[in-house]
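One structure is given below, encoded as structure tokens.
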Amino acid sequence: WHGAAWTFVVWGALHGGYLAAERWWTSRPVPQPPSDPMDAPMPLPSDGDRTDVEEAGTPASAAIEPGGIEPGGIALLSRVRTWQAARPEVSPARKTWTGRIATFHVVCLGWVFFRSPTISDAFEVLGRLFSFGTGSGINLVVIATIALFIATQYVPSDAVGRAQAFFSRLAPWQQGVALAGFVMFTSALSPSGVAPFIYFAF
């Protein structure tokens, strides 16, 4: 469809790798700590190390027939409780935004290869991304436009209806001026000349 090039193979391999990694990550078993620290597994003492259940200082709940608790058992229970208390909880919002940011960047990485004529061009683009130099394709108008359209994603859902109602109340000449300004603004951002036909090889 887009022509035969290794850049499209890399693009497809990246997305296939992303999906495989995501499926593996979300389906992997996550070890859970015991709900009751007393259920934590502990090594049983040998016959020679067993102590009597009634020995002073041995908790009744820790008794193991017919002996007592392994000497390191209390320390193990303490470590389990400490691990349960120190384990950070990840909020759903944090998981959601982490996934969004990661998805955005890995997809953009794939588009670099999709857009580049050759593999070497793709790596040159990736290298320039981290060179922090200026380029002719970036100017204040482009940056302001990108920021504006990102901001529109957070406009309330009923704002469009309110804007339409406000526009309909304007005088005809005011509507004409507003539409002409929008057309001129869009024309200023469009590239000059005729865009090449990208499906030339189809």
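Annotation for Phe104 and Ser192: the two label points, set 7 Å from Cα along the Cα-Cβ direction, are 3.3 nm apart. The order of His15, His105, going from fewest to most other C-beta atoms within 10 Å of their C-beta, is His105, His15.
Laboratory data are not the source of any read-out in this text; all were calculated from the coordinates shown. Since this is a predicted model, take the numbers as computed values, not measurements. Note: ideal-geometry Cβ built from the backbone for every residue, glycine included; neighbour counts use all protein chains shown.
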